[in-house]
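Since every read-out is calculated from the coordinates, none of them should be taken as a lab result. Predicted model only: the values in this text are computed from it and were never measured. Because the Cβ atoms are built from the backbone with ideal geometry, glycine has one as well, and the counts that use them run over all protein chains shown.
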There are 2 protein chains.
Amino acid sequence: MSLDLAAIRAAHDRIRPYIVRTPVLASERLDAASGAALFFKCENLQHIGAFKARGATNAVFALPPDEAARGVCTHSSGNHAAALARAAKLRGIAATIVMPANTPAVKVRNVERFGARIVLCAPTARAREETCARIVAETGARLIHPFTNYDVMAGQGTAALELLADVPALDLVLCPVGGGGLLSGTAVAVKALQPQTRVIAVEPAGAADAAQSFRAGEVRPVAQVDTIADGLRTTIGEENLALVRRHVDDIVTVSDAEIVAAMRELWEALRVVVEPSGAVPFAAVRAGLIPVQQRRVGIILSGGNVDLDALPWMRK
Amino acid sequence: MSLDLAAIRAAHDRIRPYIVRTPVLASERLDAASGAALFFKCENLQHIGAFKARGATNAVFALPPDEAARGVCTHSSGNHAAALARAAKLRGIAATIVMPANTPAVKVRNVERFGARIVLCAPTARAREETCARIVAETGARLIHPFTNYDVMAGQGTAALELLADVPALDLVLCPVGGGGLLSGTAVAVKALQPQTRVIAVEPAGAADAAQSFRAGEVRPVAQVDTIADGLRTTIGEENLALVRRHVDDIVTVSDAEIVAAMRELWEALRVVVEPSGAVPFAAVRAGLIPVQQRRVGIILSGGNVDLDALPWMRK
């Protein structure tokens with residue numbers, strides 16, 4: 001199994017009743033500052049505040065009835081968890097969510113709201129996976145992986161489908177990369193529909209596993225992950241890297257200072273709430289790391305879940 | 001001269017190339033909490049971050065060429081100023097903006113960006129008007145009043161036109177009231193198109209001149225205005241009160257604490273940046289002051305210009 005345009009189109013037909021067709025916003029101020037025409041696909045305005053609603057909903061509704069009846073489970077730093085909990089509720093099946101104990105309160109509330117069962121674990125990849133495996137063994141639930149699952153990737157790719165339908169003739173599409181689910185779906189959709197459009201991924205410098213894996217040709221995790229962009233701390237999946245190497249033109253990295261400055265500028269200029277991970281692609285534009293002058297640039301604002309009591313520009 | 005649906009439709013045709021057709025957002029979380037279906041017309045995502053772009057653009061482009069050539073001027077606490085500066089720049093004419101010296105920095109920058117001439121004055125209604133009158137006398141510029149001008153009101157009414165076109169069968173439309181420009185346009189549009197839809201205005205308790213004027217039948221200013229909603233501190237205009245008394249069903253008031261709580265909840269649930277004035281109608285829903293259960297409710301989010309260094313929930 002892999003990922004192609006047909007799967008992304010089928011996902012779109014499947015999830016359309018359950019997701020927001022998010023608006024594409026522009027800003028005269030940001031266009032003037034960058035010399036480009038920037039089109040922001042606002043997945044922060046998606047249900048649960050992130051594109052993750054697309055992939056999880058597709059994966060849940062793609063399950064055959066007998067499998068669905070045993071429920072779903074996942075491990076996630078937050079947005080995929082809320083997305084899966086919501087999708088399970090919409091389908092009327094059980095969801096169990098394994099979350100690291102240090103997950104921000106706002107993200108825990110976003111899961112509880114949908115009636116999912118929450119199991120806390122130590123904040124390590126190993127603890128998450130072991131806890132998940134135990135739940136699968138006990139309940140027969142289907143593990144819906146946040147980014148290596150092809151139905152999830154197909155769902156994430158539907159944001160790019162809508163962006164290309166709403167904004168003609170993009171020269172460039174920018175996308176953040178963490179595990180690589182959104183990037184896989186985006187790149188496959190864009191290259192199938194408009195091969196001449198460049199797809200560039202952006203990653204925090206403090207979690208640059210995708211950039212180094214992209215160049216090395218194999219997954220190379222980062223020893224010490226350190227970035228404010230909590231949605232992008234994950235190591236890219238093998239399945240995702242294979243797709244990314246085939247369909248993505250380049251991966252660039254940005255510092256946390258650039259991410260915070262970009263986040264704040266998006267709040268001021270677009271008047272939307274963007275989380276640090278969502279501001280990462282614009283950070284690369286703002287820092288001059290990607291040539292955009294005179295270009296039409298699609299930018300995926302991936303999410304908007306932040307703790308309003310701990311904004312990075314607040315005085316401590 | 002007065003205001004009718006034909007004028008609002010003509011305004012929409014005139015300004016369409018220069019404004020954003022803003023999205024209408026909804027939130028499963030806010031619907032569940034209120035028991036209603038809430039539809040937020042996001043004028044905070046309008047150019048210059050407020051509905052004021054509509055009215056100012058209509059007024060500027062409605063001027064005959066010989067009048068336009070002498071320029072425009074206004075006094076404003078911010079959003080109308082930025083809107084007029086932008087509209088004048090789009091038409092290629094001069095704009096002079098009289099602003100109180102205590103205007104927040106973010107609003108001053110929003111005017112400077114469009115190349116308007118800024119004249120600071122004392123923060124009193126009298127100083128603003130006198131300064132404006134002097135500029136009109138010196139330059140022949142046309143004063144574009146922020147809310148008593150009928151072309152401005154017609155432009156503001158176009159947001160409601162779009163809302164009714166995008167969301168069928170609203171039972172209720174909620175709108176903030178300060179000077180009454182947005183409310184006049186909104187009420188005239190809604191009652192002309194759907195007379196059975198109720199229009200309710202919401203006002204800060206600390207600036208409840210419109211509520212008391214509505215009941216008294218004449219303009220009754222408040223002696224000591226005290227509210228965080230800086231866009232709604234103005235006294236309602238006579239022209240506006242006449243329209244409001246004819247077309248608005250009721251005016252309710254909310255406390256500043258309710259406004260801040262509503263603002264924060266909108267940021268979290270809708271993931272958009274709303275200024276205190278823009279959160280005022282939802283504050284009335286959230287506080288249970290307007291019966292909305294089982295109803296379809298349109299809410300105009302009027303603006304999103306806030307100082308991100310001085311959010312009301314930040315520790316001092």
(message) Out of all DSSP beta bridges in chain B, what portion is antiparallel? Express it as a percent rounded to 5.
(response) 10
(message) Using only DSSP helix segments of four residues or longer, with each worth -39500 (n - 2.57), what per-residue ellipticity at 222 nm results for chain A after dividing by its residue count and rounding to 500?
(response) -13500 deg cm²/dmol
(message) Over the Cα atoms of the protein assembly as shown, each weighted equally, I'd like the Debye log10 I(q)/I(0) at q = 0.05, 0.08, 0.09 Å⁻¹, rounded to two decimals.
(response) -0.23, -0.58, -0.73
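Quick one: Cα convex hull volume of the stretch A:240-307, Å³ per residue? Don't skip to the end; give the middle numbers.
Working: hull volume 7.5 nm³, N = 68.
Once divided by residue count, the hull of the stretch A:240-307 is 110 Å³.
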(message) Nearest 5 percent is fine: what portion of the DSSP beta bridges confined to the protein assembly as shown is antiparallel?
(response) 10
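At R0 = 30 Å, how high is the FRET efficiency between A:Asn102 and B:Ala105 if r is their beta carbon distance? Nearest 0.05 is fine.
Details: r = 36 Å, r/R0 = 1.21.
For A:Asn102 and B:Ala105, the calculated efficiency is 0.25.
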(message) If you build the convex hull over the alpha carbons only and average its shadow over all orientations, what do you get for chain B? Give it in nm² to one decimal.
(response) 14.8
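Average partner chain C-beta neighbours within 10 Å, per residue of B:23-33?
On the way: counts 8, 1, 5, 2, 4, 6, 6, 0, 0, 1, 0.
Per residue, the number of nearby Cβ atoms from other chains is 3 on average.
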(request) Obtain the nm distance between the two label points defined at B:Arg21 and A:Leu289 by a simple spin-label model: each point lies 7 Å from its Cα along the Cα-to-C-beta direction. (result) 3.6
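Evaluate the relative contact order of chain B (contact order divided by residue number), counting alpha-carbon pairs under 8 angstrom at least 6 apart; express in whole percent.
Working: 696 pairs, mean separation 68.4, N = 316.
Once normalised by length, the contact order is 22 percent.
Arranged by the count of other C-beta atoms within 10 angstrom, fewest first, what order do B:Met99, B:Met263, B:Met1 take? Present the calculation step by step, with values, prior to reporting the outcome.
Working: B:Met99 22, B:Met263 26, B:Met1 7.
So the residues, fewest neighbours to most, are B:Met1, B:Met99, B:Met263.
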(request) Calculate, axis by axis, the spread of Cα positions in the stretch A:145-234 along the three principal axes, and write the results as whole Å, longest axis first. (result) 40, 26, 26
(request) Quick one: check the C-alpha center-to-center distance for the stretch B:239-316 versus the stretch A:185-243, whole angstrom. (result) 41
(request) Give the value in nm², to one decimal: projected area of the alpha carbon convex hull of the stretch B:53-149, averaged over all directions. (result) 5.3
(message) Run the simple label-point estimate for A:Glu218 and B:Arg9 please: 7 Å along Cα→C-beta, distance reported in nm.
(response) 7.0
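Determine the sum of side-chain charges near B:Asn58: Lys and Arg each +1, Asp and Glu each -1, restricted to other residues whose C-beta is under 12 angstrom from that of B:Asn58.
Working: positive: B:Arg9, B:Arg14, B:Arg16, B:Lys52, B:Arg54, B:Arg91; negative: B:Asp13, B:Asp151.
Local charge sum for B:Asn58: +4.
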(request) Pull up all non-local amide H partners of A:Val222: gap of 5 or more, or a different chain, and H-to-H distance under 5 Å with H placed in the peptide plane. (result) A:Asp209
(message) Give the lysines reachable from A:Lys41 as a straight Cα distance under 30 Å; neighbours fewer than 8 places away on the same chain don't count.
(response) A:Lys52, A:Lys89, A:Lys107, A:Lys191, B:Lys41, B:Lys52, B:Lys89, B:Lys107
(message) What distance in nm lies between label points placed 7 Å from Cα along the C-beta direction at A:Lys89 and B:Ala33?
(response) 1.4
(request) Quick one: which residues, 5 or more positions from B:Val119 or on another chain, have an amide H under 5 Å from its amide H? H modelled 1.01 Å from N in the peptide plane, none for Pro or chain starts. (result) B:Ile97, B:Val98, B:Met99
(request) May I ask you to compute the full-extension gain from A:Ala125 to A:Asp309, defined as 0.36 nm times their residue separation minus their alpha-carbon distance, rounded to one decimal in nm? (result) 63.5 nm
(message) Distance in whole Å from the A-onto-B rotation axis to the closest C-beta of chain A, together with the residue it belongs to, please.
(response) A:Pro23, 2
(message) Explain nothing, just compute: Karplus ³J(HN,Hα) = 6.51 cos²θ - 1.76 cosθ + 1.60, θ = phi - 60°, for every residue of the stretch B:104-112 in order, whole Hz, x for Gly and Pro.
(response) x, 4, 5, 6, 5, 4, 5, 8, 4
